[in-house]
1. Do you know which residues across region 5-33 are at pLDDT below 85 and more than 23 Å from R110 (Cβ to Cβ)?
2. All but one of (1) more than 28 Å from M11 (Cβ to Cβ); (2) in contact (Cβ under 8 Å) with a residue 24 or more places away in the chain hold for R74, so report the exception by its number.
3. Identify all residues within region 59-82 that are farther than 15 Å from E29 by Cα and open to solvent by 30 Å² or more (accessible area, probe 1.4 Å); write none if there are none.
4. Being within 15 Å of the chain's Cα centre (by Cα) and open to solvent by 70 Å² or more (accessible area, probe 1.4 Å) is the filter; apply it to region 15-51 and report the residue that is nearest to V84 (Cα to Cα).
5. Using beta carbons and a limit of 6 Å, which pairs, at least six apart or on different chains, have the first residue in region 45-59 and more than 17 Å from Y100 (Cβ to Cβ) and the second one of a type in the set (A, V, I, L, M, F, W, C) and assigned to a strand (DSSP E or B)?
6. Which residues, counting only those in region 50-69, are in a strand (DSSP E or B) and more than 29 Å from A17 (Cβ to Cβ)?
7. Given the structure, is R15 part of a strand (DSSP E or B), charged (D, E, K, R) and touching a Pro at 6+ places or on another chain (Cβ under 9 Å)?
8. Keeping to region 90-115, report how many residues are open to solvent by less than 70 Å² (accessible area, probe 1.4 Å), outside any helix (DSSP H, G or I) and either closer than 29 Å to S68 by Cβ or hydroxyl-bearing (S, T, Y) (or both).
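The values are calculated or read from the model by the stated rules, or taken from the named source; none is laboratory data. Bear in mind that the values here come from a model prediction, so they are computed numbers and not experimental data. Using ideal geometry, Cβ is built from the backbone for each residue, glycine included, and neighbour counts are taken over all protein chains shown. What goes into the accessible areas is simple: the full protein's heavy atoms, side chains included, and nothing from ligands, DNA or RNA. Shrake-Rupley method; radii C 1.70, N 1.55, O 1.52, S 1.80 Å.
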Amino acid sequence: VSAQEYSQVLMFGHRDARKKASFLEFEVEGGFTLQVSANHYIYGNGKLVIADSVQEGDLLMTRLGSFSVTRRGRVVRSGLFSPVTSHGDLIVNGIFVSSYTSAIQPWLVRILLVPVRAFQNLGAGKLLSAWMQTESKSYLARGLKLARGPTSIS
């Protein structure tokens, strides 16, 4: 994923336009703003980190380079979406973020998505994606019933 390249959405971990949720809101130099759940991974200070660990002054990777966080706050908004891409990354409002959350470790998600990517490459991705999507729950996470990480939210 880059400013010139996109990664196909394989499925959604969450997809509920009406769900109210609390988000971290980061304002970043260069006019960038990001609203993200606290347990989502984002690119802070040059590495993949949990969004809740990012503080004012830290650097977030944007499509124009790395810029400092000038404000960190919390907002409540309607709409909870968590697209999972083939590459594992997205650009949201010009800021690089991960598809992954602390609910399942990124290395494990990459392994678990191998068959999904294979279906996608065979042209059956739309069928598989339609089966795996619901309004707000991930079949992948629910089916695995994995223990949540220490920084995840219920």
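1. Within region 5-33, the first condition is being at pLDDT below 85, and the residues that meet it are 5-17.
Once the filter is applied, which keeps residues that are at pLDDT below 85 and more than 23 Å from R110 (Cβ to Cβ), region 5-33 yields D16, A17.
2. (1)
3. Hits for region 59-82 are R74, V76, R77, S78, L80, F81.
4. Restricting to residues being within 15 Å of the chain's Cα centre (by Cα) and open to solvent by 70 Å² or more (accessible area, probe 1.4 Å), the top hit is R15.
5. N45/L59; E56/V69; D58/V69
6. Taking region 50-69 first, the residues in a strand (DSSP E or B) are 50, 59-62, 65-69.
Correct list: L59, G65, S66, F67, S68.
7. Working: part of a strand (DSSP E or B): yes; charged (D, E, K, R): yes; touching a Pro at 6+ places or on another chain (Cβ under 9 Å): yes.
Taking the combined requirement at face value, the residue satisfies it.
8. Selection size over region 90-115: 13.
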